[in-house]
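The values are calculated or read from the model by the stated rules, or taken from the named source; none is laboratory data. These numbers were taken from a predicted model, which means no experiment stands behind them. Virtual Cβ from ideal backbone geometry, glycine too; neighbours counted across all protein chains shown.
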Amino acid sequence: MLVGVGGQGVLTASEIIAQACRHEGYDVKKSEVHGMAQRGGSVISHVRYAEAGRVHAPVPAQGQVDILVGFELLETLRALGWLKVEGTAVVNMLLVTPPLAAGGAVPNRDEAVARIRQHVQRLVSVKGEELAHRVGNIRTANTTVVGATAALMPVSVDSWQQAVAEVVPSGTGQINWQAFELGRDMTLNREANSK
Amino acid sequence: MAQLLLSGNEAIARGACQAGVGFAAGYPGTPSSEILQTLSALTQVPIEWAPNEKTALEAAVGAALAGARALATMKHVGLNVAADPLFTAVYTGVEGGLVIVTADDPGLHSSQNEQDNRHYAFAAKAPMLEPADSQEGLEFTQRAFELSEQFDIPVLLRTTTRISHSKALVQPGPIAPVQPGREPPENRAKYVMIPANARVRHRDLLDRLASLTEISDSGEFNRIEPGDASLGIIASGVAYQYAREAAPQASFLKIGMPFPFPAELVREFAGSVDRLVVFEELDRVLEAQVRALGLDCEAKPDEMLVGELSPQAAAQVIHGVRPPEAPAPDVPPRPPIMCAGCPHRPVFYILKKLKCYVTGDIGCYTLSTLPPLETLQTCLCMGAGVGQAHGISQVYDGDRPIVAVIGDSTFIHSGITGLVNMAYNQSTATVVILDNRTTAMTGGQNHPATGRNLRGEPAPELDLAALCRAVGVKRVRVVDSYDLTQLEEVLWRNVFSSMPKHA
Ligand SMILES: Cc1ncc(C[n+]2csc(CCOP(=O)(O)OP(=O)(O)O)c2C)c(N)n1
């Protein structure tokens, strides 16, 4: 399950993940709600994959999500109820204040992260904007988060490479692949260190 | 051919091409808009945005009369607008195949209501196909054209947001050559619906439906999937997918053609299972038909008449397991807002300042009803704000100016007749056309006043101010909404002056 704010590239990210699953030979279904995405509202997308014939519904049941990918902290908080108890959250450490929210009602970054930690057994945090800055294009932040997620999925590098190439805007394939690798390697290193 | 990952809408467009579609028209509306946009990239035949759904359907009826396979697309409420031609087009029938896509929006992701358009099939006596995933979206569209020609009748294809906007693997087939148009027939008994002819055609319609019932009972679109006989589930659309996950071992009667209703198949299925459950989204359409056959069944509780179903709703209805109440997360909401720099904002700022009573309409500017502007007082259906303002001003003679706001696309869709009414009946209300030169709400589609057609090519440009003068509006002012001083001046001078007390 991918959640974020309109304009963050959540649907592009879920498209990369779904296409990678297709290249890997899985049956795959993807759902997205983009009614208000362009106006800064919440965006939600689900990707479900398995062997052929096992994916029926395009959305999971609440409490059954294996990986919650949060591109923004408040949207991640909002979606925590979807995650399995033993599920993993991949969370981009960015907080976008809702435009009309009264000051006191909005948790700050540390409070939001603390609340997520309380709920989630396994948290992979990503500094998407920082990594994207490093590859030289802030707009690849969503791809770094996809990379971080990829490290947790049984999908080969080849499939990811094909998916990134066909989904991102033409001419940005290479820089997006760099962003993907940064995100992925970061997760892999962390996992290796924690073992 | 390799499999593709397609949304329901993309699959429908693909299916139309595989059927050799020769003409398509529609009006944008979530979740239907991507069908024509996808189609325009797949084929060179005319693919058009029409001013509204009625004009779109009428144009498609004409193309089908000239022998082409024609497609009309719209969201669920769009079919209300196009209902008039639909109800009689089933009498006349077609020459080339005619398929009408109606995309429902359970859960109101982006709509003003959640009407269930399966009722239209029953009310208009129009056969309806209902795909449950993208593959069926493609196949059913292709078959819908064939059925339309074989049974001489327009065919409705109904999707919901979860079908239109979910992607799944699809096996594409070859794109068929376009069936070219030809001279339309002179067959007045069939195509001129004066009472004497229409009476005959109504009877003929019943015969055509009787033949279609054989298709409905045949197992092609409505199929029995035998499983454990202790539990039988009747379901359609995405509800079928949820039920499959909740009860993988059960027997299923999957409904892909709700009308004509497959009574024989339902009887057979009901007789083969111990427990019969109907699981459907929105209204109790299938359930009512099952019960009308004298069959007993279980179904969802009333609270599930509202909103979308889900895998957990399926588990609740089928197994009686209530999902644990998830505590509402304590997170500030993130309501959509007008974009930074949106030209609608200043207008509402001034209307609020002038204490106008603002009737409204549907589009991005509807967001002006939310904080911080909180100006818009009504939103009913497209074009309604103009009529409402007129009606109010005819009976209210207090101090507040009555102002209707309406977007450019919405004005062309259904505001023009309202304005004619105001000019004719000498209204004292004011109409403000919020002309941002696009259909922003649904993703920025072109319309007759943008100077571009669906493909983005240059097109004749409707002059809105000239149109308003032509229908008899005496004072037409054009003002740049970014020029706040000028905007306030123009609104202040005009919203009061047509009121009796200020005249
Ligand atoms: C009958 C009907 N058709 C389509 C829609 C979907 N829809 C809602 S608003 C809108 C048009 C908005 O365009 P415009 O009036 O130009 O306003 P804008 O969003 O650009 O401000 C459409 C197509 C609808 N609600 N009802």
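Of all the numbered requirements in (1) assigned to a loop (DSSP other than H, G, I, E, B); (2) surrounded by 18 or more Cβ atoms within 10 Å (Cβ to Cβ); (3) among the hydroxyl-bearing types (Ser, Thr, Tyr), A:THR97 misses one, and that requirement is (2).
As a summary of the residue check, B:GLY78 satisfies the conditions (1) of a type in the set (Gly, Ala, Ser); (2) more than 10 Å from the ligand (Cβ to nearest atom); (3) touching a residue at least 40 places away in the same chain (Cβ under 8 Å) except for the one numbered (2).
Of all the numbered requirements in (1) more than 14 Å from every other protein chain (Cβ to nearest Cβ); (2) in contact with a strand residue (DSSP E or B) (Cβ under 8 Å, 6 or more places away or on another chain); (3) not polar (S, T, N, Q), B:ILE318 misses one, and that requirement is (1). Checked against the criterion of being within 30 Å of the chain's Cα centre (by Cα), of a type in the set (Asp, Glu) and more than 11 Å from the ligand (Cβ to nearest atom), the range B:352-374 contains one or more residues that satisfy it. If you go through the range B:21-60 and keep only what is among the small types (Gly, Ala, Ser), in a strand (DSSP E or B) and either away from the ligand (no atom under 12 Å from the Cβ) or free of Cβ contacts under 8 Å to residues at least 12 places away in the same chain (or both), you end up with B:ALA24, B:ALA25. Filtered by the rule that a residue be surrounded by fewer than 22 Cβ atoms within 10 Å (Cβ to Cβ) and at the interface with chain B (Cβ under 7 Å from one of its Cβ atoms), the range A:36-55 gives A:MET36, A:ARG39, A:GLY40, A:GLY41. Considering B:THR410, B:THR417, the condition of being more than 7 Å from the ligand (Cβ to nearest atom), outside any loop (DSSP other than H, G, I, E, B) and within 18 Å of B:GLY360 (Cβ to Cβ) is satisfied by B:THR417 alone. For the range B:1-58, taking the residues that are under 20 Å from B:ASP133 (Cβ atoms) and among the β-branched types (Val, Ile, Thr), the one that is surrounded by the most Cβ atoms within 10 Å (Cβ to Cβ) is identified as B:ILE12.
Taking the listed residues A:SER194, A:SER125, the one that is more than 14 Å from chain B (Cβ to nearest Cβ) and out of contact with any helix residue (DSSP H, G or I) (no Cβ under 8 Å at 6 or more places or on another chain) is A:SER194, with no other qualifying.
In the set (1) surrounded by fewer than 19 Cβ atoms within 10 Å (Cβ to Cβ); (2) outside the structural domain of B:GLY385 (by TED's automatic domain parsing); (3) within 14 Å of the ligand (Cβ to nearest atom), B:PRO335 fails one condition alone, (3).
Do you know which residues across the range B:143-177 are away from chain A (no Cβ under 14 Å) and more than 29 Å from B:HIS202 (Cβ to Cβ)?
Narrowing the range B:143-177 to residues away from chain A (no Cβ under 14 Å): B:143-158, B:173-177.
Selection gives B:GLY173, B:PRO174, B:ILE175, B:ALA176, B:PRO177.
Of the helices (runs of 4 or more DSSP H) lying entirely inside the range B:188-272, those carrying at least 1 residues that are away from chain A (no Cβ under 14 Å) and within 25 Å of the chain's Cα centre (by Cα) are B:195-217.
Looking at the range B:81-113, which of its residues are more than 10 Å from the ligand (Cβ to nearest atom), among the aliphatic types (A, V, I, L, M) and under 15 Å from the mean Cα position of the chain (by Cα)?
Within the range B:81-113, the first condition is being more than 10 Å from the ligand (Cβ to nearest atom), and the residues that meet it are B:83-104, B:106-109.
With the extra rule that they be among the aliphatic types (A, V, I, L, M), the set shrinks to B:83, B:86, B:89-90, B:94, B:98-101, B:103, B:108.
Within the range B:81-113, B:ALA83, B:LEU86, B:VAL99, B:ILE100, B:VAL101, B:ALA103, B:LEU108 qualify.
Tell me which residues, restricted to the range B:274-304, are within 27 Å of B:GLU139 (Cβ to Cβ) and either hydrophobic (A, V, I, L, M, F, W, C) or assigned to a loop (DSSP other than H, G, I, E, B) (or both). Scanning the range B:274-304 gives B:VAL277, B:VAL278, B:PHE279, B:GLU280, B:GLU281, B:LEU282, B:ASP283, B:VAL285, B:LEU286, B:VAL290.
Checking the condition more than 8 Å from every other protein chain (Cβ to nearest Cβ), modelled with pLDDT of 95 or more and under 19 Å from B:GLU34 (Cβ atoms), which residue from A:VAL65, A:VAL3, A:VAL10, A:VAL90 passes?
Details: A:VAL65 fails: under 19 Å from B:GLU34 (Cβ atoms); A:VAL3 fails: under 19 Å from B:GLU34 (Cβ atoms); A:VAL90 fails: under 19 Å from B:GLU34 (Cβ atoms).
Criteria check complete, one pass: A:VAL10.
What single numbered condition from (1) buried (at least 24 other Cβ atoms within 10 Å of the Cβ); (2) hydrophobic (A, V, I, L, M, F, W, C); (3) within 14 Å of the ligand (Cβ to nearest atom); (4) not in a loop (DSSP other than H, G, I, E, B) fails to hold for B:VAL403? Result: B:VAL403 passes all but (3).
Filtering the range B:95-105 down to residues that are more than 12 Å from chain A (Cβ to nearest Cβ) and either touching a Lys or Arg at 6+ places or on another chain (Cβ under 7 Å) or not aliphatic (A, V, I, L, M) (or both), which residue is farthest from B:GLY443 (Cα to Cα)?
Going residue by residue through the range B:95-105, those that are more than 12 Å from chain A (Cβ to nearest Cβ) are B:95-104.
When the remaining residues are screened for being either touching a Lys or Arg at 6+ places or on another chain (Cβ under 7 Å) or not aliphatic (A, V, I, L, M) (or both), the result is B:95-97, B:102-104.
Numbers: B:GLU95: 34, B:GLY96: 31, B:GLY97: 29, B:THR102: 18, B:ALA103: 16, B:ASP104: 18 Å.
Of everything passing the filter in the range B:95-105, B:GLU95 is farthest from B:GLY443 (Cα to Cα).
Residues in the range A:52-91 that are of a type in the set (Asp, Glu) and not in a strand (DSSP E or B): 2 in all. In the set (1) in a strand (DSSP E or B); (2) more than 8 Å from chain B (Cβ to nearest Cβ), the condition left unmet by A:LYS29 is number (2).
Which is under 30 Å from B:SER251 (Cα atoms), buried (at least 18 other Cβ atoms within 10 Å of the Cβ) and among the polar types (S, T, N, Q), of B:SER166, B:SER218, B:SER211? Talk me through it step by step, then tell me what you get.
Values: B:SER218 fails: buried (at least 18 other Cβ atoms within 10 Å of the Cβ); B:SER211 fails: buried (at least 18 other Cβ atoms within 10 Å of the Cβ).
None of the other options fit; the residue is B:SER166.
Given B:VAL476, B:VAL431, which one is in contact with a Cys (Cβ under 6 Å, 6 or more places away or on another chain) and either away from chain A (no Cβ under 14 Å) or more than 16 Å from the ligand (Cβ to nearest atom) (or both)?
Details: B:VAL431 fails: in contact with a Cys (Cβ under 6 Å, 6 or more places away or on another chain).
Of the residues listed, the single one that is in contact with a Cys (Cβ under 6 Å, 6 or more places away or on another chain) and either away from chain A (no Cβ under 14 Å) or more than 16 Å from the ligand (Cβ to nearest atom) (or both) is B:VAL476.
Evaluating B:VAL285 against the criteria (1) within 14 Å of another protein chain (Cβ to nearest Cβ); (2) surrounded by fewer than 24 Cβ atoms within 10 Å (Cβ to Cβ); (3) touching a residue at least 40 places away in the same chain (Cβ under 8 Å) leaves one unmet condition, (1). Just one of the listed residues (B:GLY391, B:GLY387) is within 29 Å of B:THR428 (Cβ to Cβ), within 16 Å of the ligand (Cβ to nearest atom), away from chain A (no Cβ under 14 Å) and part of a helix (DSSP H, G or I), and it is B:GLY387.
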